[in-house]
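The values are calculated or read from the model by the stated rules, or taken from the named source; none is laboratory data. What you see is a predicted model, and the numbers here were worked out from it, not measured in a lab. All Cβ positions, glycine included, derive from the backbone under ideal geometry; neighbour counts span all protein chains shown. The accessibility values were calculated without ligands, DNA or RNA, using every heavy atom of the protein model including side chains. Shrake-Rupley method; radii C 1.70, N 1.55, O 1.52, S 1.80 Å.
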There are 2 protein chains.
Amino acid sequence: MIAFVIGVCTVLSLPFGSNGEAIPQKPTGDVSIMPPIKPADGPQAFPDAEKANMPVFTMDYPRIQLPFEITLWVLLASFAKIGFHVYHKITVWVPESCLLIAIGLMVGGIMHSVHEEPPAVLSSNVFFLYMLPPIVLDSGYFIPTRAFFENIGTVLWFAVVGTLWNSIGIGMSLFAICQIEAFGVQDINLQENLLFASIISAVDPVAVLSVFEDVSVNEQLYIVVFGECLFNDAVTVVLYNMFSYVADMPEVEPVDVFLGVARFFVVGLGGMGFGLLFGLVASFTTRFTGNVRAIEPLFIFMYSYLAYLVAELFAISSIMAIVTCAITMKYYVEENVSQRSCTTIRHVIKMLGSISETLIFFFLGVVTITTEHEWNWGYIMFTLLFAFLWRGLGVLVLTQIINPFRTIPFNMKDQFGLSYGGLRGAISFALAYTLPDNIGRRQLFITATICIIIFTVFIQGISIRPLIELINVRRTNRNLDTINSEIHCRVMEHTLSGIEDLCGQWSHYYWKDKFMKFNNLVLRKILIKDKRAESSIVALYKKLELQNAMEILDTYDTSRTTRTCRTSRVQSSSGSGY
Amino acid sequence: MIAFVIGVCTVLSLPFGSNGEAIPQKPTGDVSIMPPIKPADGPQAFPDAEKANMPVFTMDYPRIQLPFEITLWVLLASFAKIGFHVYHKITVWVPESCLLIAIGLMVGGIMHSVHEEPPAVLSSNVFFLYMLPPIVLDSGYFIPTRAFFENIGTVLWFAVVGTLWNSIGIGMSLFAICQIEAFGVQDINLQENLLFASIISAVDPVAVLSVFEDVSVNEQLYIVVFGECLFNDAVTVVLYNMFSYVADMPEVEPVDVFLGVARFFVVGLGGMGFGLLFGLVASFTTRFTGNVRAIEPLFIFMYSYLAYLVAELFAISSIMAIVTCAITMKYYVEENVSQRSCTTIRHVIKMLGSISETLIFFFLGVVTITTEHEWNWGYIMFTLLFAFLWRGLGVLVLTQIINPFRTIPFNMKDQFGLSYGGLRGAISFALAYTLPDNIGRRQLFITATICIIIFTVFIQGISIRPLIELINVRRTNRNLDTINSEIHCRVMEHTLSGIEDLCGQWSHYYWKDKFMKFNNLVLRKILIKDKRAESSIVALYKKLELQNAMEILDTYDTSRTTRTCRTSRVQSSSGSGY
């Protein structure tokens, strides 16, 4: 398989090289909104050739370069993914991200040896506008809603305070290290250290999550890591923006600190606001798509993306916006759209998220080789050390503070899982590349970031599974969906909210009860085609029935004949069915 | 609804205008493969501002302009589509394309009145590389395979010979008209007339097909119009390329004519070859995607697109390539992939095709207003007349020739349907815009093309339904899928191929029989995971069973509770399910 992938790579890298001379004459960025209308069809490509006979073959590579190369990269990444899973045993022990980085390193090596420019897919704009949204949408859309809202306090605590803790802790410590003359990094000032620390504070536990899933750790631990990963990206981007602004300043005035804090809230709450708005509008729109089932899923993608872009426009947290949008609309949209649209929405979101992630890890490997590095043993080693140290310390301290407020407190083993799961990933990488050129040690920061990503992904990523199994972290009490448990859960929730009402204490049961009432009385009436509020017990019954039906379908599906698809041929081939 | 759409438009057109001064400084085509890595995050947008406090709000429109505007246009088009279908009665009598052009005209009027540049989405490259592939893939993937192969001779006859007939006929006649001094178009030479005629020979009977479907005309008529629409695009593009090359030549030598004919075959058969190749590779790839269901559909899209792009690269018929690719892989891919992937593939293809088409008609309306026109009564009226005349004549003559070879010959009513269904559409429009600037009367050709599109879409498009119903075209013998009919069909086919073998006559039964044997013995073994060849009767039985199951699902679906989606939440939210 690897030989095959390398083969594809060589083919892939050819177009870059062999057309090196053809590309500069013709700008390729043709997708821009207002290019001059220019004829570039076959024969026109050679208008200045002297009178020749009509050509039987012509070739015009620059014209198709952009979509062609994107398609090839996507295909290459997909092949890699297939390759890993054909040898299923590898991915059990080595996380996919490690394998992708490894393949990327090889491709990078090949490209480096033929003096090839790396593809600039990870330039700041391409990353933030095209590759990040699908990943975040994927996480936001498939977040286990109930578990998330039950642990939202802890999630935000770790995401916001934890990230601040890490950024400031690592930044300060590194600044202290910079004062030691022997390392030769005295020119890095405090602002730059803080900026760098904010970059490497974003944890990206994709690899960890899949391990957690496989060994089925308890739900509390899982959701906290999941939620932290989602929201600390947002916090990191804000911090990064703040610090990179501050890094330009000759001196920091007290008013700037105040404005920074204000901005922090504007960015976070603003993102949530936009997300909520677009989510509600999207839900409302799907009320009317009953006759245009074909384009139904498009609305979901467009509105989420719009939420993201508008947030980017105002430089508020686009990650918060798209996550909030996804969480808001999911419930209503899925009741409005058809079964098929629903499948499509879910599958496309998964697909785009998955391929974006694959590409990013892959490019991370490529760029690691093709970038010029500035190596500084002292600074990089201390970065690794401090990142590890402050993460562990942070989890320890923050857990002590949050534990008294939790129904099920985190024990020591959970805390180990939390702190050891702090892998760094794509966000750090992209932010490092976004660093402005006026930062003196930009090269060093990039090198250090790549080091910490590769170190955490490879060392921690590979070792976390055996460690988790060794220390025997509390496993999940996977709750089966049954009518019985649903009835009891509802009874308990009603009882608890009643008791809370009596003693005048308002916890999340109270708020959930209030929200459900508001939802049934107002939101559902506005946003859902069929307005009747429905008992969650009846809903669950129907859901289980359908689950049964789907399982029958899937049994057929995985058995000998996968003819299933043509089931709907009659309708859909006539164009109107879908 | 219309007021709403206009409202959105005003919002839409604002960004173009209000940022007119901001855009030029910063090039927007940032998707290009190798842009310099540039920091453009929030605060960096104002680096040259003098020392100010940390900004709490920032805004950076040029950075998100491209994806933002694309998203808005797509949303606007989708809204229009919803709008039409909310008032379902409109679309029964007025085809959707008419309504879209009308909305486009309005938006164009608004944009014109605020002196707005039209979006260059219909520049040659954007149209041919991004908007056309989804439409053609849609048609190719959902073509009724059996009916198509049973009528392939007639389809190709009308597509190839019919298009040639129209192009040459209209071109010659217009050249004759050009000799009349009174019209003032004597400067248009024969080559240019032929070039123009090739542009307006592509019929685009999307609107007609939906009418045919609604009144369920007979399958023969339907498939011939469907197939003609698919393949004559390919022929037109080739003719266009040839004539536009010829238009540059001072004189045409005999060798050029010969090379032209050679190129014609290279282009057509080359396209089919690439399509076949990519189709088989795609089928083969899906054998191994069992463990990566999430990205399965991606392969289908990527391979089809690759087939299209590679064909574009070598300037051979990309439409033939993507259609052949779709037809080839459909059968094998749908047996390999999971039920969910299959639904997703079909839905996404439909979705993208549908939205591309919507956008094109919409932009056609916009551009009609915002382009500068050159009006020439004589030339344009005669263009309309000749286009109508030669189409009618062509169908009449070509049917006389093909009828003796057909089992079910076309009667006069069918012929009326065929010739009246010759609406012009997007391809003509895009080709007209691709005309090189050195054509003296480029403006006139564009105006004439737009005229003929609008005339045929509005007049013929609206009147074809009453006419078809009035003359009572032969209706379909819609064959129901039953085990009984399948058994009898197979018996008949086997018998016929046996009889043909005996009398030494090889018609399509013989070839179908041969292909089925080859398919079962070789192709299925290579391309399909489960290698057992299966009786078509057993397959049909299973298909009907599953159809039942799906119907049960859909009944739930359209009934009160559309909770269905959450059916699979448990698996998919854990990330591994899909």
**Study point:** Of residues in segment B:454-482 being within 14 Å of another protein chain (Cβ to nearest Cβ) and over 26 Å from the mean Cα position of the chain (by Cα), the one nearest to B:L209 (Cα to Cα)
**Key:** B:N479
Check your understanding: Residues in segment B:230-251: is at least one surrounded by fewer than 24 Cβ atoms within 10 Å (Cβ to Cβ) and closer than 22 Å to B:F410 by Cβ?
Key -> yes
Review point. For segment A:396-411, which residues satisfy the criterion of being surrounded by 12 or more Cβ atoms within 10 Å (Cβ to Cβ), part of a loop (DSSP other than H, G, I, E, B) and without any contact (Cβ under 8 Å) to a residue 40 or more places away in the chain?
Key: A:P409
Check your understanding: Across segment B:344-355, which residue is nearest to the chain's Cα centre (by Cα) among those that are within 15 Å of B:P133 (Cβ to Cβ) and facing chain A (nearest Cβ under 7 Å)?
Key -> B:S354
Check your understanding: Within segment B:120-141, is there a residue that is outside any helix (DSSP H, G or I) and either over 24 Å from B:F361 (Cβ atoms) or touching a Gly at 6+ places or on another chain (Cβ under 7 Å) (or both)?
Key -> no
Exercise for review: Quickly run through segment B:271-287 and pick out the residues that are of a type in the set (G, A, S) and open to solvent by 20 Å² or more (accessible area, probe 1.4 Å).
Suggested key: B:G273
Review point. What residue, of B:S216, B:S198, is within 30 Å of B:N411 (Cβ to Cβ), in contact with a Ser or Thr (Cβ under 8 Å, 6 or more places away or on another chain) and small (G, A, S)?
Key: B:S216
Review point. Quick check: is even one residue across segment B:85-92 of a type in the set (F, W, Y), more than 30 Å from B:F231 (Cα to Cα) and assigned to a helix (DSSP H, G or I)?
Key: no
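To keep it simple, each residue is scored yes or no on (1) over 30 Å from A:D414 (Cβ atoms); (2) modelled with pLDDT of 90 or more.
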{"residue": "A:L352", "(1), (2)": "yes, yes"}
{"residue": "A:E357", "(1), (2)": "no, no"}
{"residue": "A:F363", "(1), (2)": "yes, no"}
{"residue": "A:V367", "(1), (2)": "yes, no"}
{"residue": "A:T371", "(1), (2)": "yes, no"}
{"residue": "A:N376", "(1), (2)": "yes, no"}
{"residue": "A:L384", "(1), (2)": "no, yes"}
{"residue": "A:L393", "(1), (2)": "no, yes"}
Check your understanding: Which condition number in (1) more than 13 Å from chain A (Cβ to nearest Cβ); (2) closer than 27 Å to B:L99 by Cα; (3) modelled with pLDDT of 80 or more is the one that B:I177 fails?
Key -> (2)
**Study point:** Residues (touching a residue at least 12 places away in the same chain (Cβ under 8 Å) and open to solvent by 40 Å² or more (accessible area, probe 1.4 Å)) located in segment B:254-265
**Key:** B:F264
Practice item. Please specify each residue of segment A:181-208 satisfying the condition of being of a type in the set (V, I, T) and open to solvent by 10 Å² or more (accessible area, probe 1.4 Å). Key: A:V206
Revision key, fill the gap. Of (1) buried (at least 23 other Cβ atoms within 10 Å of the Cβ); (2) closer than 24 Å to A:F183 by Cβ; (3) of a type in the set (V, I, T), A:I380 satisfies every one except (1)
Check your understanding: Yes or no: B:E493 under 34 Å from the mean Cα position of the chain (by Cα) and assigned to a helix (DSSP H, G or I)?
Key -> yes
Check your understanding: Counting just the residues of segment B:288-343 that are open to solvent by less than 10 Å² (accessible area, probe 1.4 Å) and of a type in the set (D, E), which one comes out farthest from the other protein chains (Cβ to nearest Cβ)?
Key -> B:E296
Exercise for review: Say whether the condition of being more than 17 Å from the chain's Cα centre (by Cα) and touching a residue at least 40 places away in the same chain (Cβ under 8 Å) is met by at least one residue in segment B:220-229.
Suggested key: yes
Review point. Just one of B:V160, B:V211 is among the aliphatic types (A, V, I, L, M) and open to solvent by 10 Å² or more (accessible area, probe 1.4 Å); which is it?
Key: B:V160
Practice item. Confirm whether A:I223 is buried (at least 18 other Cβ atoms within 10 Å of the Cβ), among the β-branched types (V, I, T) and farther than 19 Å from A:W165 by Cα. Key: yes
Revision key, fill the gap. Scanning segment A:303-323 residue by residue, those among the β-branched types (V, I, T) and over 14 Å from the mean Cα position of the chain (by Cα) turn out to be A:V310, A:I316
Revision key, fill the gap. Checked segment B:263-287 for anything of a type in the set (A, V, I, L, M, F, W, C) and within 12 Å of chain A (Cβ to nearest Cβ); matches are B:F264, B:F265, B:V266, B:V267, B:F278, B:V281, B:A282, B:F284
Study note, to complete from the structure: Scanning segment A:73-107 residue by residue, those hydroxyl-bearing (S, T, Y) and within 13 Å of chain B (Cβ to nearest Cβ) turn out to be A:S78, A:Y87, A:T91
Check your understanding: Out of segment A:188-231, which residues are touching a strand residue (DSSP E or B) at 6+ places or on another chain (Cβ under 8 Å) and outside any helix (DSSP H, G or I)?
Key -> A:I200, A:A202, A:V203, A:D204, A:V215, A:S216, A:V217, A:N218
Exercise for review: Assess whether B:M111 counts as being open to solvent by 40 Å² or more (accessible area, probe 1.4 Å), part of a helix (DSSP H, G or I) and either more than 7 Å from chain A (Cβ to nearest Cβ) or modelled with pLDDT of 80 or more (or both).
Suggested key: no
Revision key, fill the gap. Filtering segment B:142-162 down to residues that are in a helix (DSSP H, G or I) and within 15 Å of B:I402 (Cβ to Cβ) yields B:E150, B:I152, B:G153, B:T154, B:V155, B:L156, B:W157, B:F158, B:A159, B:V160, B:V161, B:G162
Practice item. Go through A:T399, A:T434 for me and flag whichever is polar (S, T, N, Q), at pLDDT 85 or above and under 26 Å from the mean Cα position of the chain (by Cα). Key: A:T399
Practice item. Answer yes or no as to whether A:V185 is in a loop (DSSP other than H, G, I, E, B) and either under 25 Å from A:I316 (Cβ atoms) or away from chain B (no Cβ under 11 Å) (or both). Key: yes
